[in-house]
Amino acid sequence: METADAVIIGGGVIGTSIAYRLAETNRKVILIEKGEIGAQTSGACDKAIFLQSKKPGFPIQLAKASRDVYENLEEELETSVEFKKGGGMVVIEEEGHLDFMKEFVLKQKNAGIDVTLLDRREALERQPCLSPDIVGSTYSKEDAEVNPLLLSQAFAEGSKRRGVEIRTHTTVIGIDCEHGRVVGVQLTDGYIWTELVINAAGPFASKIANMAGVDLTIRPRRGVILISERVKQIVNGSILCSQYIAAKHLTNRNDKKEPPFGIGLSLGQTESGNLLIGGSREFKGFDKSVELSILSAIASHASRIVPSLNSIQIIRSMVGFRPFTSDGLPIVDESHVKGFVIAAGHEGDGICLAPITGHLVTSLVEKQMHYKDLLEPLKLDRLHTVSS
């Protein structure tokens, strides 16, 4: 009979971060991943750690706490995750976005983000690849970058050094509960008796929750990113566009016009020189078949802002499914089923929030007070996404 103090379901940046931190508590931890580590959502996203894009209030507070963890994370994990403090810009591509972006910058400053509004000349000096037709941009030195694949692997290897057992290509097919509490996990190749299950399955979190009798409303939101051939460095730090910010921040505005396929620019460059050009935001279930019109629309929008992209070859695209919640906040809490903890719903903020999520879940499990102020707004009774 196999037993564990905790079973974590999901081997992306969230699950591996939780495994790494939870191992500090001397628990016997087993992490279950149906594929390879970091091969699902965490392997199909960009590399940006954006703070200025977060909504004022709790989202910014959470992101800043996670950014602080990043500062010394490579030293702690004893390996490079290609963490770079290159700053970030939000390009204002049309006059109609200027008033909104001025208001946006003021709110971000009041929320504690070091962000500046640049005019066209200042923006082009900092990012020469931008079109001379842009209106301006923002800039924040607090934004950074990381390699998501290396991050997942580093957390996983660090977890193993601390005694965590990681099982890949293993699928959870059932979660047993008795008298309102978790008692075990049924796998394709065995059974684990445990009183603690942590659902870090990202866009698949609702399916896992249903196995425990928990109704969880996390939906997969499909995003497509284009990947270019290797080229010399043309991007300094990370770039978003004001259309992307408007789509993220104006979800309750009746006059907001949604761009086709939810497209907004996200642009970064890997250590090897490949450009990551995003992206789209659609509710298409788990359908990975992408129409050529979407790829064309992403490329067209990106090249208007960065004209030199027209001469660069696209070698492939990648499709990822972001775990979407209705209010844009992740869920980190124990459900009404005792011992069934949820850590999912980060959508496009998973890379930014992965380090702090590991701390939050460990604090929750340990019933510690250290992260109480951060954890409180993530309570399920506030989000109304899990029903008891």
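Couple of notes before you dig in:
- Selection of strands (runs of 3 or more DSSP E) fully inside segment 276-372 by the criterion of at least 2 residues being buried (at least 18 other Cβ atoms within 10 Å of the Cβ), β-branched (Val, Ile, Thr) and touching a Ser or Thr at 6+ places or on another chain (Cβ under 8 Å) returns 331-334, 340-344.
- Here is the figure for segment 18-63: residues that are at positive phi and touching a residue at least 12 places away in the same chain (Cβ under 8 Å) total 2.
- Number of residues in segment 96-128 that are within 18 Å of Val306 (Cβ to Cβ) and either surrounded by fewer than 17 Cβ atoms within 10 Å (Cβ to Cβ) or over 28 Å from the mean Cα position of the chain (by Cα) (or both) equals 7.
- Here Gly163 does not fit the description of being part of a loop (DSSP other than H, G, I, E, B), surrounded by fewer than 20 Cβ atoms within 10 Å (Cβ to Cβ) and at pLDDT below 95.
- Phe155 vs. criteria at pLDDT below 95 and crowded, with 22+ Cβ neighbours inside 10 Å: no
- Members of segment 191-216 found to be more than 17 Å from Asp5 (Cβ to Cβ) and part of a strand (DSSP E or B), listed by number: Asp215, Leu216
The values are calculated or read from the model by the stated rules, or taken from the named source; none is laboratory data. On a predicted model such as this, the values are computed, not experimentally measured, just so you know. Positions of Cβ are backbone-derived with ideal geometry, glycine not excepted, and every protein chain shown enters the neighbour counts.
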